[in-house]
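Below you'll find the structure, written out as structure tokens, and then a few comments.
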């Protein structure tokens, strides 16, 4: 009997252990998913971790001082009182409060990160629950007030902006709001026709431009772009949004010719053209786009990591020790292959990878830039380099393909199905994800049965019935899918289709360009505010022919500081720059110019206050109470695609912009939860609910991280924990949790068995 009792006790204990095992697994699940991945996410560009850099209009990369750019304030800025007192004034979020350090934020699609030393300013959109709402590089997010600084527009000595110069669209980027001028100026190529020279434009998404800062803020808060100068013609930098799954027209030898004119002696990018083209043809990653990324990441092959480790892309260069942790490659060829195959084809371009937000360079809202780098303008910088390289060889790649975009203005965050055939009932290949401004390469100019044929981002299996990760080999001819035309807007038409294809103006091999010598006098001169100065250019050429000259002024902070076609400089009375540069250059080749320096002498009556913004910027905003901003509502659970072809329910607005109501002056309204419907809308069907799938991926540091695919990315970790606790409580009430039932059942059986043994023993006695 004693033995039986012992066996009975053991069985009881085992049943209890079995009952609690699922609960143990549930606790572990709380540590997986997007939040865990984000916590270990690293900036893959080692140079931004070793030193702070900037880029000029010519694509040159140079080091700048790594400093905190905290704006001096006369009033407190990081509290509700400041926001209430300054209601109606345009404000700026300053991210450069920690030097070159990563700052995390949340947005409708999950969590992101940025580096304030590479893009200091973001437009302020509201405040709620200790967080500021902002837009930066296309993304609308929320950041803790302790991480950043909010100041009035008039307190910033400079904010990022755009201008047209010599027919090119220049993007001036502020890396320190306490210093006048711009550390980085990107030449994005030909400017759209609706932008005029001599005018400063503002934009924090790079698609819609505004002459007035306050008007821009008003539009952003309403999720509208109607007051922009181009409400019907959004601008898309072609190479910034060209999918990686495209082919460059250049041969390896031609790519080498492009690079030879830029690379310095000892560069690791020397003679890499054939390598880029070869990997393009094998793994389906555009050769010229890879070249642009490598140049940006490795400082044209001269960075320490590229020199010492043959690593052109800073791969696995983690925050703590980038130089030590970065991958070592036996050759540059091995590095390029690993990047094209492992990091791109089987990584960032694999639609089920947690880093996938579209297969193009992009910005912080969509594309590789979302997860690849903390620099918010990383994608634009690489695209700038690609355009310059393409331009030197006759622009064979610019405008080559037809592109289409999903959701230009981010409101609904719709995830659309990519099908095997042009039918809603066809096999599902993969989903786009919820990123707005998601761009695809369109293979057919006309939709077929309501679907566009697009180039697949993911590698497809042999039957073209799904994406695979086991192989990075890619076929441009066989790997394509179909996407509903209802969700796409064409933004670029193929020049081949339009009949605009022209042969590149490649210089003849033996043709030597004419040598010219250019001087500008006086070389240095002092000019009063509001004064003028005549400059003269002297040109010497082999043929004696004087080229047409173009005069430009660089470094001015006032729109009233100009130089005419004859070299006459006029300094604005409101000019705050200490010095400016006057440049004369041949119209045919502005890269061969000569400079003169004009030192600005300040008027005696003023020790001038930091530069006030142009009058257009001071236009009062719409009567909105800035302290009334609200916290986003938790999105509904993502739904699984349904195969039944039905009309989808019209998704409600994303609601990322809080609705504001009138309040008495001095009072701050309690923030409401904005409605944010991250719709899992498919092509033309109502989706079913899908279970989250767990998948093991590699983080950027090379570690394996378990995450839940298709889980709700917008929910915070705290809310997830609360929901799980609530589910456990409810499961006890409803009997839904199987372990509790097993525990009770096992206990009941044990008690009955004990009663049976006791009765039998009495009977025996």
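For region 171-219, the set of residues classified as in contact (Cβ under 8 Å) with a residue 12 or more places away in the chain, within 26 Å of residue 491 (Cα to Cα), part of a loop (DSSP other than H, G, I, E, B) and more than 21 Å from the chain's Cα centre (by Cα) consists of 191, 192, 194, 195, 196, 197, 199, 200, 211, 212, listed by residue number. Taking residue 447, is it within 24 Å of residue 350 (Cα to Cα), assigned by TED's automatic domain parsing to the domain that holds residue 246 and modelled with pLDDT under 95? So residue 447 does not fit the description; no. The sole residue among 358, 362, 394 that is closer than 12 Å to residue 237 by Cα, in contact (Cβ under 8 Å) with a residue 24 or more places away in the chain and not assigned by TED's automatic domain parsing to the domain that holds residue 104 is 362.
The rows are residues; the columns are (1) at pLDDT below 95; (2) more than 17 Å from residue 411 (Cα to Cα); (3) buried (at least 18 other Cβ atoms within 10 Å of the Cβ).
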{"site": "121", "(1), (2), (3)": "no, yes, yes"}
{"site": "132", "(1), (2), (3)": "no, yes, yes"}
{"site": "143", "(1), (2), (3)": "no, yes, yes"}
{"site": "175", "(1), (2), (3)": "yes, yes, yes"}
{"site": "182", "(1), (2), (3)": "yes, yes, yes"}
{"site": "192", "(1), (2), (3)": "no, yes, no"}
{"site": "226", "(1), (2), (3)": "no, no, no"}
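The values are calculated or read from the model by the stated rules, or taken from the named source; none is laboratory data. From a predicted model like this one, the values you see are computed outputs, not experimental measurements. With ideal geometry, Cβ positions are generated from the backbone for all residues, glycine too; neighbour counts draw on all protein chains shown.
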